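Here's the structure we're looking at; comments come further down.
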Amino acid sequence: ERSKLKRLVTGRSRTLDGEEIELHANIELPQDAESARDVGADGVGLFRTEFLFMNRDELPGEDEQFEAYRSVVKALAGKPVTIRTLDIGADKEARALRDRAGNRAAPNPALGLRAIRFCLAEPQLFLAQLRAILRASHYGKVRLLIPMLAHAVEIEQTLSLIELAKMQLRESRHKFDMLEVGGMIEIPAAALSLGPFLRRLDFLSIGTNDLIQYTLAIDRTDGSVAHLYDPLHPAVLKLISQTIQSAQRVGMPVAVCGEMAGDPKLTKLLLGMGLRQFSMHPTQLLEVKQQVMMSDATQLAVRVARLLKLDEPEKISEQLERL
Ligand code: PEP
Ligand code: MG
């Protein structure tokens with residue numbers, strides 16, 4: 001079984017009816033880039049940079065971050081690397097930011113000053129990261145991904161800070177390339193009101209882990225309600241499929257980078273929703289590729305459209321089995 005999976009590494013990620021499906025890797029630390037390469041990923045679809053800030057007492061400075069980002073960009077040798085800006089707070093704590101970021105002591109950390117909210121409240125820290133990412137863009141294909149966006153004004157403020165970071169780099173004579181800027185769709189409000197995202201950004205990436213948490217009001221870290229954390233809840237499926245379809249209508253690239261993208265039992269469902277870009281933990285990639293190669297995208301589109309009309313969990317699971 002393992003050697004069969006190994007042969008899949010070089011196999012083309014294409015459906016039976018000829019649709020090319022991009023399979024990217026999620027990474028947490030620079031050394032993970034190797035696992036991405038080992039499984040033949042098309043790129044890094046999600047680099048969770050907050051891990052550079054966690055489990056240490058001091059914050060990484062601009063130069064240290066630049067080195068880390070560049071090492072991943074170089075390891076990927078021209079394949080795209082999607083670097084997500086600091087997504088700290090709630091389930092991801094950094095000691096050095098404890099008194100600043102939406103931490104466990106906040107009244108409700110998952111709803112607090114986390115991720116992009118925190119970065120916009122700490123522009124100097126955010127600018128240092130943006131400069132580090134921009135500088136790394138000179139060494140390959142870098143895409144910038146912003147977590148936890150909900151408001152149009154957050155998009156505008158972020159884009160302004162990116163322009164400011166570029167200006168600062170020009171002044172200090174650092175090289176950088178133009179990069180695409182994308183937003184994570186992981187708050188229901190964003191999925192339900194995509195207009196500003198589609199107009200102002202270059203790509204979208206759906207974070208199903210948080211999208212499920214916020215849609216169902218289930219704390220993703222709370223074991224006592226884990227049985228209610230359901231990726232197949234019809235409301236969750238609706239938000240995901242509508243986001244994919246709205247993006248595709250205007251020709252905007254859209255990926256899924258939450259855990260759902262790495263679950264081979266859900267590959268056909270996502271393909272049927274129209275998804276063509278998946279990003280997942282490297283250990284999941286070959287199994288998902290195997291599913292892709294056994295799928296007929298045209299047929300799945302019809303079947304999944306039917307499944308999405310259902311609102312009874314038993315019927316949804318039953319249809320899922322038959323895809
Ligand atoms: C997500 O929320 O689905 C996601 C990919 O980001 P994270 O798990 O890091 O919050
Ligand atoms: Mg998230």
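The values are calculated or read from the model by the stated rules, or taken from the named source; none is laboratory data. This is a predicted model, so every value here is computed, not measured. All Cβ positions, even for glycine, are placed from backbone atoms using ideal geometry, and neighbour counts span all protein chains on display.
Here is a list: ILE212, ILE218. Which entry is assigned to a loop (DSSP other than H, G, I, E, B) and at pLDDT 95 or above?
So the residue among ILE212, ILE218 that is assigned to a loop (DSSP other than H, G, I, E, B) and at pLDDT 95 or above is ILE218.
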Note to self: Out of VAL256, VAL302, VAL292, I need the residue that is β-branched (Val, Ile, Thr) and closer than 21 Å to ASN209 by Cα. Which one?
What the structure shows: VAL256
Item checked: Only listed residue being exposed (fewer than 15 other Cβ atoms within 10 Å of the Cβ) and either within 16 Å of ligand 2 (Cβ to nearest atom) or modelled with pLDDT under 95 (or both), chosen from MET167, MET148, MET184, MET178 -> MET178
Margin query: Here are the criteria: (1) more than 14 Å from ligand 2 (Cβ to nearest atom); (2) under 23 Å from PHE203 (Cβ atoms); (3) not hydroxyl-bearing (Ser, Thr, Tyr). Tell me which single one PHE53 does not satisfy.
Written below: (2)
Margin query: Can you find a residue that is crowded, with 22+ Cβ neighbours inside 10 Å, of a type in the set (A, V, I, L, M) and in contact with a Pro (Cβ under 6 Å, 6 or more places away or on another chain) anywhere in the range 74-82?
Written below: no
Note to self: Looking at LEU192 and the list (1) closer than 23 Å to LEU216 by Cβ; (2) away from ligand 2 (no atom under 16 Å from the Cβ); (3) surrounded by 15 or more Cβ atoms within 10 Å (Cβ to Cβ), which single condition is not satisfied?
What the structure shows: (3)
Checklist line | Matching helices (runs of 4 or more DSSP H) fully within the range 88-204 where at least 1 residues are of a type in the set (Gly, Ala, Ser), within 16 Å of ligand 1 (Cβ to nearest atom) and closer than 30 Å to GLN245 by Cβ | finding: 115-121, 188-192
Check: Using beta carbons and a limit of 9 Å, which pairs, at least six apart or on different chains, have the first residue in the range 185-203 and hydroxyl-bearing (Ser, Thr, Tyr) and the second one surrounded by fewer than 21 Cβ atoms within 10 Å (Cβ to Cβ) and part of a helix (DSSP H, G or I)?
Finding: SER193/ALA152
Checklist line | Answer residue from the range 21-33, given it is among the aliphatic types (A, V, I, L, M) and not in a loop (DSSP other than H, G, I, E, B) and is nearest to ligand 2 (Cβ to nearest atom) among those | finding: ILE27
Note to self: Can you report the number of residues in the range 70-87 which are away from ligand 1 (no atom under 16 Å from the Cβ) and in a strand (DSSP E or B)?
What the structure shows: 0
Check: Where residues in the range 251-299 are within 16 Å of ligand 1 (Cβ to nearest atom) and among the small types (Gly, Ala, Ser), which of them is surrounded by the fewest Cβ atoms within 10 Å (Cβ to Cβ)?
Finding: GLY262
Checklist line | Test: ALA36 is within 27 Å of GLY274 (Cα to Cα) and not in a loop (DSSP other than H, G, I, E, B) | finding: yes
Margin query: Are there helices (runs of 4 or more DSSP H) fully within the range 272-323 with at least 1 residues that are under 17 Å from GLY43 (Cβ atoms)? List them.
Written below: 285-293
Note to self: Test of understanding: among ALA75, ALA105, ALA110, ALA94, which residue is on the phi < 0 side of the Ramachandran plot, more than 16 Å from ligand 2 (Cβ to nearest atom) and at pLDDT below 95?
What the structure shows: ALA105
Next item on the list: Can you work out which of the residues in the range 201-216 that are among the aliphatic types (A, V, I, L, M) and surrounded by 24 or more Cβ atoms within 10 Å (Cβ to Cβ) is farthest from ligand 2 (Cβ to nearest atom)?
Entry: LEU204
Checklist line | Failed item in (1) in contact (Cβ under 8 Å) with a residue 60 or more places away in the chain; (2) surrounded by fewer than 18 Cβ atoms within 10 Å (Cβ to Cβ); (3) under 18 Å from GLN277 (Cα atoms), with LEU5 passing the rest | finding: (3)
